[in-house]
1. Among residues belonging to the range 191-210 that are hydrophobic (A, V, I, L, M, F, W, C) and over 17 Å from Thr82 (Cβ atoms), point out the one that is surrounded by the most Cβ atoms within 10 Å (Cβ to Cβ).
2. Which residues, counting only those in the range 92-112, are within 16 Å of Val49 (Cβ to Cβ), open to solvent by 10 Å² or more (accessible area, probe 1.4 Å) and outside any helix (DSSP H, G or I)?
3. Of the residues Asp115, Asp88, which single one is at pLDDT below 95, in contact with a Gly (Cβ under 8 Å, 6 or more places away or on another chain) and either in a strand (DSSP E or B) or surrounded by 20 or more Cβ atoms within 10 Å (Cβ to Cβ) (or both)?
4. Within the bounds of the range 150-165, is there any residue that is at pLDDT 95 or above, touching a strand residue (DSSP E or B) at 6+ places or on another chain (Cβ under 7 Å), in a helix (DSSP H, G or I) and open to solvent by 60 Å² or more (accessible area, probe 1.4 Å)?
5. If I ask for residues that are surrounded by fewer than 22 Cβ atoms within 10 Å (Cβ to Cβ), in contact with a strand residue (DSSP E or B) (Cβ under 8 Å, 6 or more places away or on another chain) and either of a type in the set (Ser, Thr, Tyr) or not in a strand (DSSP E or B) (or both), which ones from the range 279-293 would you list?
6. State all residues of the range 252-278 that are assigned to a loop (DSSP other than H, G, I, E, B) and open to solvent by 50 Å² or more (accessible area, probe 1.4 Å); if no residue qualifies, say none.
7. Any chance the range 244-264 includes a residue that's acidic (Asp, Glu) and in contact with a Phe, Trp or Tyr (Cβ under 7 Å, 6 or more places away or on another chain)?
8. Find all pairs meeting these conditions: Cβ atoms under 9 angstrom apart; at least six residues apart or on different chains; first residue within the range 148-170 and over 19 Å from Ala212 (Cα atoms); second residue buried (at least 17 other Cβ atoms within 10 Å of the Cβ) and charged (D, E, K, R).
Amino acid sequence: MRARYGVPLGIAAVGAAGLAYAAGFEVRSFRLRRVTVPVLPAGMRPLRVLQVSDIHMVSGQRKKQRWLQSLAGLRPDFVINTGDNLSDTEGVPETLDALGPLMEFPGAYVFGSNDYYGPKLRNPGRYLVERISGRHGLNGNAPAVDVPRNPWEELRDGFDAAGWVNLTNTRGDLKVAGYDIALTGLDDPHIKRDRYAEVTGGPREDADFSMAVVHAPYLRVLDAFTADRYPLILAGHTHGGQLCIPFYGALVTNCDIDTDRVKGLSTHKAGGHRSYLHVSAGCGTNRYTPVRFACPPEATLLTLVPRD
């Protein structure tokens, strides 16, 4: 009897232990990642940029709120929020409270689909099926129906009141340490709200430094920003794969970017040019899939330094 059932029971035990770890520990094991990016013009002093992404706030997530508040102790030069702040229609007050200390610094933001729409219960295996069938990352989702709308206007008003720059299909500027930082942003490509024609033309020539911001790193957006010669693009959305295989990495990205660039710093080439791309793995999850494995929640402190 033991020989017959020992292996299946052992596999089940390992699976249960892995699920307990992913849901009970790693999903709350918040990390700060540090990255150096050589993108500034010669002569500029280094700039420290804190990127927060994919918070997916649910009411009552006190540990996440305290951790986000603690990031203000890093004293960044400015903050970039790459969207998907909400996973709860009641989550705006706690999101603004968690980000309150960071909103004392200059900052800018874009929204993701979960800022606009409440979460919906879906089978996580759908992402693997779509990848196998070749439909993964093709924006093939039907229009949202019977989905609660999040009060994103309240979130926008809170960010705006703090002086953060709204980059929804538009350009903006930050005055940081005596420098003029030009920003170009897009609304979320994952739900086809990006309008690149409204921001085309490349970086501002009279700015000290220019960078691009978007929630989901779809290739059409990365191609456009890179062809327009933006030296740095910041994005989120992927959750770093969320459920990864140790020593292998992510299985899916939830967009059409490859799994090798699902998180962290990489480069992108288009139109004969090259941009640095940083994709944040984010610090939250959809409220219906509150697990992470081999992909801890994170924020990133990027130190921008002059190019070689």
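The values are calculated or read from the model by the stated rules, or taken from the named source; none is laboratory data. In this text the structure is predicted, and so the values were computed from the model without any measurement. Every residue, glycine as well, gets a Cβ built from its backbone with ideal geometry; the counts of neighbours run over all protein chains shown. Note: accessible area is taken over every heavy atom of the protein model, side chains too, but ligands, DNA and RNA are not part of it. Shrake-Rupley method; radii C 1.70, N 1.55, O 1.52, S 1.80 Å.
1. Going residue by residue through the range 191-210, those that are hydrophobic (A, V, I, L, M, F, W, C) are 191, 197, 199, 207, 209.
Imposing the further condition that a residue be over 17 Å from Thr82 (Cβ atoms) reduces the set to 197, 207, 209.
Values: Ala197: 8, Ala207: 16, Phe209: 21.
Per the criteria, the residue is Phe209.
2. From the range 92-112, those within 16 Å of Val49 (Cβ to Cβ) are 99, 102-110; that's our starting set.
Keeping just the survivors that are open to solvent by 10 Å² or more (accessible area, probe 1.4 Å) gives 103-106.
Listed by number, the residues that qualify are Phe105, Pro106.
3. Numbers: Asp115 fails: at pLDDT below 95.
That would be Asp88, the only listed residue that is at pLDDT below 95, in contact with a Gly (Cβ under 8 Å, 6 or more places away or on another chain) and either in a strand (DSSP E or B) or surrounded by 20 or more Cβ atoms within 10 Å (Cβ to Cβ) (or both).
4. Looking through the range 150-165, at least one residue is at pLDDT 95 or above, touching a strand residue (DSSP E or B) at 6+ places or on another chain (Cβ under 7 Å), in a helix (DSSP H, G or I) and open to solvent by 60 Å² or more (accessible area, probe 1.4 Å).
5. Result: Val291, single match.
6. First, pick out the residues of the range 252-278 that are assigned to a loop (DSSP other than H, G, I, E, B): 252-258, 262-263, 271-272.
Correct list: Asp256, Asp258, Lys263, Gly271, Gly272.
7. yes
8. Between residues of the range 148-170 that are over 19 Å from Ala212 (Cα atoms) and residues that are buried (at least 17 other Cβ atoms within 10 Å of the Cβ) and charged (D, E, K, R), the close pairs are Asn150/Asp88; Asn150/Asp115; Trp152/Asp115; Leu155/Asp115; Arg156/Asp115.
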